[in-house]
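Here's the structure, in structure tokens; my notes come after.
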Amino acid sequence: MPVPKPTITDEQFVKIRCGLEGKTYYFEATGAMYAHPFDDDEPQHLFDFLGVDISRCLQDPASSQWVLLSRKLSLYLDPKTGDRLRHWTNPWTGETLNVMHRSYDYQEFMIPKELPAHIAPEMSAVSLDVNGKLPNPLAANPKYAAYSPEKYLQSADAYKFIFRRRFWQTPPLELAIAGPWFCPTTAWGPGNPG
């Protein structure tokens, strides 16, 4: 007999992540960035980062689908000193390169009707895993093809939102933000941790 996997609804997730009222929320993110080579090399800790996530959740009135809208700003940091990186040495080629800090464009994520959850009496967690596979624009560019000849770019973001169970279980649905949030490579925390 299969063991049922616990889930929470989209509305419960929205309540945890950004509230039901459509307000904008700001989150700080800190963590580490790793490269996971395809060959036998071990993962490499490339740098740390500090980021800000600006987001809100809105519900489409026609479909009742919840949508997470988000923008991010990331600064890359030296993993030994914590200072903002201006240059970085590639561990595979030995080249020293300029670092471009990142402002992510607007992102839109359709929140599924149910999300996997690890539910316990007091604290619970929701997993939100986003795996990407996109065409690699570097492969066709002669300037960068030697560095990234793969046809596709692949990425994985694994977010773990840890919260007090009472925030989505107790009616009425007016509690907005629970936190702090954690994921394996980043720790997210709202300005008001509840």
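Among the candidates Tyr106, Tyr159, which residue alone is assigned to a strand (DSSP E or B), touching a strand residue (DSSP E or B) at 6+ places or on another chain (Cβ under 9 Å), surrounded by 13 or more Cβ atoms within 10 Å (Cβ to Cβ) and aromatic (Phe, Trp, Tyr)?
Tyr159
Restricting attention to the range 120-134, report how many residues are in a strand (DSSP E or B), exposed (fewer than 14 other Cβ atoms within 10 Å of the Cβ) and of a type outside the set (Asp, Glu).
7
Can you tell me which residue within the range 83-119, out of those that are over 30 Å from Leu69 (Cβ atoms) and among the hydrophobic types (A, V, I, L, M, F, W, C), is modelled with the lowest pLDDT?
Trp92
Scan (1) at pLDDT 85 or above; (2) over 16 Å from the mean Cα position of the chain (by Cα); (3) hydrophobic (A, V, I, L, M, F, W, C); (4) surrounded by fewer than 16 Cβ atoms within 10 Å (Cβ to Cβ) for the single condition Ile8 breaks and write down its number.
(4)
Would you please name the residue that is farthest from Ile111 (Cα to Cα), looking only at residues in the range 16-44 that are assigned to a strand (DSSP E or B) and of a type in the set (S, T, N, Q)?
Selected residue: Gln44.
Applying the selection to the range 135-149, what residues are loosely packed, with under 12 Cβ neighbours inside 10 Å and either assigned to a strand (DSSP E or B) or more than 24 Å from the chain's Cα centre (by Cα) (or both)? Walk me through it before giving the result.
Step one: list which residues in the range 135-149 are loosely packed, with under 12 Cβ neighbours inside 10 Å, which gives 135, 137, 140-143, 146, 149.
Listed by number, the residues that qualify are Pro135, Ala140, Asn141, Pro142, Lys143, Ala146, Pro149.
Considering only the range 55-65, how many residues are loosely packed, with under 14 Cβ neighbours inside 10 Å and at negative phi?
If we filter the range 55-65 for residues that are loosely packed, with under 14 Cβ neighbours inside 10 Å, which is where we start, we get 60-64.
Adding the requirement that they be at negative phi leaves 60-63.
Going through the range 55-65 one residue at a time, the tally reaches 4.
Taking interchain pairs and intrachain pairs at least six residues apart, which have beta carbon atoms under 6 angstrom, with the first residue in the range 31-45 and in contact (Cβ under 8 Å) with a residue 24 or more places away in the chain and over 14 Å from Ser155 (Cβ atoms) and the second among the β-branched types (Val, Ile, Thr) and not in a loop (DSSP other than H, G, I, E, B)?
From the range 31-45, the pairs are Gly31/Thr186.
The values are calculated or read from the model by the stated rules, or taken from the named source; none is laboratory data. Quick caveat: nothing in here was measured; it's all calculated off a predicted structure. Counting neighbours? That spans all protein chains shown, and the Cβs are built from the backbone with ideal geometry, glycine included.
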